[in-house]
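> The structure follows.
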Amino acid sequence: MDFSLSQEHEMLQKMVRDFARREIAPAIKEYDRKAEPMPHSLERMGTLGILGLCFPVRYGGQGMDYISLGLACEELEAVDTHLRVAMSVHTGLCGMTLLQWGTEAQKERFLKPLASGVKLGCGAFTEPGMGSDVAAMQTTARREGDVYILNGEKMWISLASRADYALVTARTNPSPRKPSEALSTFLVDLHAPGVKRGDLHGKLGVRAGSTGWIAFHDVRVPLENRIGEEGEGFKITMTAFDHGRYTVAAGATGIIRACLEASTAYAQTRKTFGKPIAEHQLIQQKIARMAQDYEIARLLYLQVGWLKNLGRRSTLQTSYAKKFATEASFQAAHEAVQIHGAYGFSDEYDVERHLRNARGAIIYEGSSEIQTIIQAEYALGKRADKPLRCELPAYDEAIWQG
Ligand SMILES: Cc1cc2nc3c(=O)[nH]c(=O)nc-3n(C[C@H](O)[C@H](O)[C@H](O)COP(=O)(O)OP(=O)(O)OC[C@H]3O[C@@H](n4cnc5c(N)ncnc54)[C@H](O)[C@@H]3O)c2cc1C
């Protein structure tokens, strides 16, 4: 088994790290404090190709593999979570789901502008009265000839106010045999008549990013915008979460690393009782835990990237990676604040922002409780991966670069 990264992976890591450190880090505190979306960060990510890393060149992407996506997310979130959130919803939920389930015509028409960063995508599943229980969603899409009439509201949607397209799952069958067969998924043009949207305010974290609501009032969605067959919406949404959760796991790994680096630097300069606090065993214990958790989180998400490259399902491994990394990142940020003492309580240092940002990922893209249920179901033999009509294509360098 080869655990090393390729030269391309390392070059990509450096490019994304340089972008985040040079162009985002100097201004992030200001935008986080103002709780205002940071202007131009997404446009720059599009220009640099970061938004379309793992899509084939013929669909406007960079032709890199799925591990590259994880590496980029780690680098982005080590600086600020809002950048990785954009990757999770634009690339993970929206783009990769189109790559998996879209027809050739849909990939040509929708994936190309998304992968090249010309358009922004998001994933809109959560509603005011529903999050974890996806089959209970109330938004409806009623078919009338060659269009669907979409009505309802989506809530807590990342990039709601910025995106051009949303992958939306809605109820198409009022009396299905099984609840999960009631749903279908659509790529909805957010500039269409009948769409209203806005940002939510007063968030604990991810303050430099957009999180909002989208309301649909008699929005006419053409038949050719339906992704997959009618009734496949639940399965499509679950695979979208597989992709999104992978990026969340990789990003949370970046927070652990950032907290580890900040803590080791601070602990070696701050002195108490005549010596640097790094000399105190209780501080060393916290730092050792961060170092260990970083290594575990990294290996877990890289395993998912490797499975994706092979075209293998990774729902369980993604769940392990997402739950472990998000919980460990919150713990790492909590301990990093502690190591910084009173200074950790102020935004003079980044660790307080990491603490607030890390909290959300334990809730979104499937909370820790939902991940625990998934893991228990696999362990107890109550759940197994069944073949899907469309699988995420395995990475093939010749095809991706061709
Ligand atoms: C910053 C942020 C960004 C987000 N971005 C998006 C996005 O881009 N797109 C999108 O569609 N959604 C997004 N969400 C919404 C997110 O996915 C949901 O918040 C999440 O799925 C949980 O749903 P909920 O908040 O409705 O909680 P609920 O489902 O109401 O759950 C409430 C609590 O009960 C627990 N719970 C639920 N069911 C069970 C059970 N069976 N057993 C034990 N405990 C249970 C949950 O874990 C949670 O702790 C975002 C949320 C946040 C905070």
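Quick note: the coordinates plus some simple rules give every number you see, no bench work behind them. Keep in mind it's a predicted model, so treat the numbers as computed, not measured. Neighbour counts are summed over all protein chains in view; Cβ atoms, including those assigned to glycine, are modelled from backbone coordinates with ideal geometry.
> Work out the FRET efficiency for I296 and M238 from their Cβ-Cβ distance, taking R0 = 35 Å, and round it to the nearest 0.05.
0.90
> Mind checking which aspartates and glutamates have their C-alpha under 12 Å from K107, skipping anything on the same chain fewer than 8 residues away?
Within the straight-line limit of under 12 Å, K107 reaches these aspartates and glutamates: E224.
> Place a +1 charge on the Cβ of each Lys and Arg in the chain and a -1 charge on the Cβ of each Asp and Glu, then give the dipole magnitude about the Cα centre in debye, rounded to the nearest 20.
480 debye
> With N denoting the number of residues in the stretch 7-120, provide Rg(C-alpha) divided by 2.2 N^0.38 Å, to two decimal places.
Cα Rg divided by the expected 2.2 N^0.38 Å: 1.05.
> What full-extension length gain, to one decimal in nm, is calculated for E36 and V118 as 0.36 nm per residue of separation minus the Cα-Cα distance?
27.3 nm
> Give, as ranges by residue number, the residues of the stretch 127-167 whose backbone N falls under 13 Å from the point 7 Å along Cα→Cβ of D218.
149-151
> Leaving out same-chain residues fewer than 8 places away, which aspartates and glutamates sit with a Cα under 13 Å from that of K271?
E279
> Where in the stretch 41-73 does the label zone of E261 land, with the point 7 angstrom along Cα→C-beta and an amide N cut-off under 14 Å?
Correct set: 72-73.
> Compute from the Cα atoms of the stretch 168-282 the Rg and the Dmax, the latter being the longest Cα-Cα distance, and quote both in angstrom.
In Å, with Rg to one decimal and Dmax whole: 23.4, 72.
> Using just the Cα positions, wrap the stretch 217-284 in a convex hull and report its mean projected area in square nanometres, one decimal place.
Hull-based average projected area comes out at 8.9 nm².
> Given charges of +1 on the Cβ of Lys and Arg and -1 on the Cβ of Asp and Glu, with all other atoms neutral, how large is the dipole of the stretch 235-401 about its Cα centre, in debye to the nearest 20?
The calculated dipole for the stretch 235-401 is roughly 360 debye.
> Report, to the nearest 10°, how far helix 66-79 tilts away from the longest principal axis of the Cα atoms in the chain, using its own Cα long axis and a range of 0 to 90°.
It is inclined by approximately 50 degrees.
> For the chain, what does the convex hull of the Cα positions come to per residue, in cubic angstrom?
Considering the Cα atoms of the chain, their hull volume per residue is 140 Å³.
> Taking the C-alpha atoms of the stretch 246-402, how large are the radius of gyration and the largest Cα-Cα span, Dmax, in Å?
18.8, 66
> How much length would be gained if the chain were fully extended between L200 and A135, taking 0.36 nm per residue of separation minus their Cα-Cα distance, in nm to one decimal?
Additional length available on full extension: 21.0 nm.
> Taking N as the number of residues in the stretch 122-233, what is its Cα Rg relative to 2.2 N^0.38 Å? Don't skip to the end; give the middle numbers.
On the way: Rg = 13.7 Å, N = 112, 2.2 N^0.38 = 13.2 Å.
My calculation over the Cα atoms of the stretch 122-233 gives 1.03.
> Now for a different question. Report, to the nearest 10°, how far helix 368-379 tilts away from the longest principal axis of the Cα atoms in the chain, using its own Cα long axis and a range of 0 to 90°.
70 degrees
> Same structure, new question: Compare the Cα positions of A170, G311, M15 along the charge dipole of the chain (+1 at Cβ of Lys, Arg; -1 at Cβ of Asp, Glu; about the Cα centre) and return the one farthest towards the positive end.
The one lying farthest along the dipole's positive direction is A170.
> Using only the alpha-carbon atoms, how far is helix 351-360 inclined from the longest principal axis of the chain? Give it as 0 to 90 degrees, nearest 10.
The two axes meet at around 30 degrees.
> Based on the Cβ-Cβ distance from S6 to T272, what FRET efficiency comes out when R0 is 51 Å, to the nearest 0.05?
My answer for the efficiency is 0.70.
> Let me ask something additional. Please name which of T372, V337, A288 has its Cα lying farthest along the dipole of the stretch 269-397 towards the positive end, using unit charges on Cβ (Lys, Arg +1; Asp, Glu -1) and the Cα centre as origin.
T372
> Of the candidates S368, S346, S314, which one comes out as most mobile in a Gaussian network treatment of the chain with C-alpha springs shorter than 10 Å?
Highest fluctuation of the listed residues: S346.
> What's the longest bit of the chain with no exposed chymotrypsin sites (Phe, Trp or Tyr not before Pro), using DSSP loop states and at most 13 other Cβ atoms within 10 Å as the test?
Counting at most 13 other Cβ atoms within 10 Å as exposed, the longest clean stretch of the chain is 4-272.
> Another question, if that's okay. With each pseudo-label sitting 7 Å past Cα toward Cβ, what's the R389-A342 distance in nm, one decimal?
6.3 nm
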